[in-house]
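Before any comments, here is the structure.
The values are calculated or read from the model by the stated rules, or taken from the named source; none is laboratory data. Bear in mind the structure is a predicted one, so any value in this text is a computation, not a measurement. Every residue, glycine as well, gets a Cβ built from its backbone with ideal geometry; the counts of neighbours run over all protein chains shown. Ligands, DNA and RNA are excluded from the accessible area calculation, which covers all protein heavy atoms including side chains. Shrake-Rupley method; radii C 1.70, N 1.55, O 1.52, S 1.80 Å.
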Amino acid sequence: MTAVGFLYPGHSAEDDYPRIEMLLDDDDVRLSVVHTDIGEDAHRVDALLEMGSPARLAAGVEELRLSGAEAVVWACTSGSFVFGWDGAHDQVRALARAAGLPASSTSFAFAHAVRDLGATRVAVAATYPDDVAAYFSDFLKAAGIEVVSARASGIITAAEVGTWGRDEVLELARAGDHPDAAAVLLPDTALHTAAYVEDLEAALGKPVLTANQVTVWEGLRLAGRRVRARRLGALFARRD
């Protein structure tokens with residue numbers, strides 16, 4: 001049994017995690033979610049910095065340790081990339097020390113997943129306001145990834161993002177795609193996407209990376225597991 005723990009801010013699309021667990025081809029993987037205090041629900045830089053502060057992340061660590069987790073991922077993209085490339089590294093190092101486990105975040109999950117797919121040029125389809133989406137593009141560029149286009153949707157709260165269904169997610173991805181992009185990235189863990197990855201890739205004809213999808217993949221990578229899942233897209237299409 002491989003157990004991976006996720007620190008998830010508030011309540012929006014956390015049901016993606018049990019859904020992904022069911023979609024994995026292996027049945028000996030357990031994904032445990034612990035909710036952190038979101039503070040102010042706002043895609044605003046000051047609120048996101050507080051959401052990702054060491055004290056808020058550390059508060060959920062003990063529960064994850066008790067769950068038997070072998071690795072932990074901060075399941076929040078905006079609450080990690082707003083710290084910048086170096087600051088996001090400091091954040092996961094502090095999380096690893098607090099948990100006594102390998103640690104990462106959704107922002108690094110995107111960087112690692114893009115590299116795993118062999119993509120160097122990507123398009124970003126973000127729910128965030130323009131200024132927050134720009135932080136994500138800067139983070140990807142620091143990882144050596146070329147962002148050929150970035151679309152922001154101007155949504156302020158995770159609560160609103162969590163209400164979006166299949167049609168809204170497909171429209172977001174289509175609007176954010178670019179012909180020069182080898183993959184399209186949807187970087188918000190508040191967005192339900194686990195049920196739609198197949199549809200997204202079929203509609204765009206290329207790999208689509210979504211926040212909760214890459215977060216689980218990153219956690220499994222940290223735990224030393226590579227798991228196939230046909231319905232989770234190109235990222236989960238092979239097992240080494």
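Give the long-range amide H neighbours of Ile145: residues separated by 5 or more places, or on another chain, with amide H under 5 Å away, using H modelled in the peptide plane at 1.01 Å from N. It is none; the list stays empty.
Peptides 207-220, 172-185 ranked from most to least packed give 207-220, 172-185, packing being the mean of other C-beta atoms within 10 angstrom over each peptide's residues.
Placing pseudo-labels 7 Å out from each Cα toward the beta carbon at Glu40 and Asp180 gives an inter-label distance of 3.7 nm. Here the mean projected area of the convex hull built on the C-alpha positions of region 1-74 is 5.1 nm².
Histogrammed with a bin width of 5 Å, the alpha carbon distances of region 146-240 distribute as 2, 13, 24, 24, 19, 12, 5, 1 percent, first bin at zero.
Compute the Cα gyration tensor for the chain, then decide on rounded, prolate or oblate, letting a ≥ b ≥ c be the square roots of its eigenvalues: rounded whenever a/c is under 1.5, prolate when a/b is larger than b/c in the other cases, and oblate in all that remain.
Rounded, since a/c falls under 1.5.
For Glu63 and His89, a Förster radius of 22 Å and the Cβ-Cβ distance give a FRET efficiency of 0.35, rounded to the nearest 0.05.
When only Cα pairs under 8 Å and 6 or more residues apart are kept, what is the percent relative contact order across the chain? Reported relative contact order: 24 percent. When peptides 222-231, 195-204, 102-111 are sorted by average Cβ neighbour count within 10 Å, with the highest value leading, the order is 102-111, 195-204, 222-231.
Accessible area per residue for the chain in Å², computed with a 1.4 Å probe and the full protein assembly in place, what is it?
It amounts to 38 Å² per residue over the chain.
A 1.4 Å probe over all protein chains sorts His112, His11, His35 by accessible area into His11, His35, His112, starting with the largest. When each of the peptides 48-54, 153-159 is scored by the mean number of other C-beta atoms lying within 10 Å of its residues, the order from highest to lowest reads 48-54, 153-159. Taking one quarter of the surface of the C-alpha convex hull of region 12-151 gives a mean projected area of 8.7 nm².
Leaving ligands, DNA and RNA out of it, report the carbon-plus-sulfur percent of the accessible area of the chain at a 1.4 Å probe.
Carbon with sulfur: 48 percent of the solvent-accessible area.
Given 0.36 nm per residue, what is the gain on full extension from Lys141 to Ala159 after removing their alpha carbon distance, in nm?
Taking Lys141 through Ala159 to full extension adds about 3.6 nm, to one decimal.
With just the Cα atoms defining each centre, how far is region 3-20 from region 153-227? Give it in Å. Using only Cα atoms to place each centre, the spacing works out to 14 Å.
Derived scalar couplings between HN and Hα for region 66-77 equal 5, 6, x, 4, 9, 7, 9, 10, 6, 7, 8, 7 Hz in order, rounded to whole Hz, by the Karplus curve 6.51 cos²θ - 1.76 cosθ + 1.60 (θ = phi - 60°), x for Gly and Pro.
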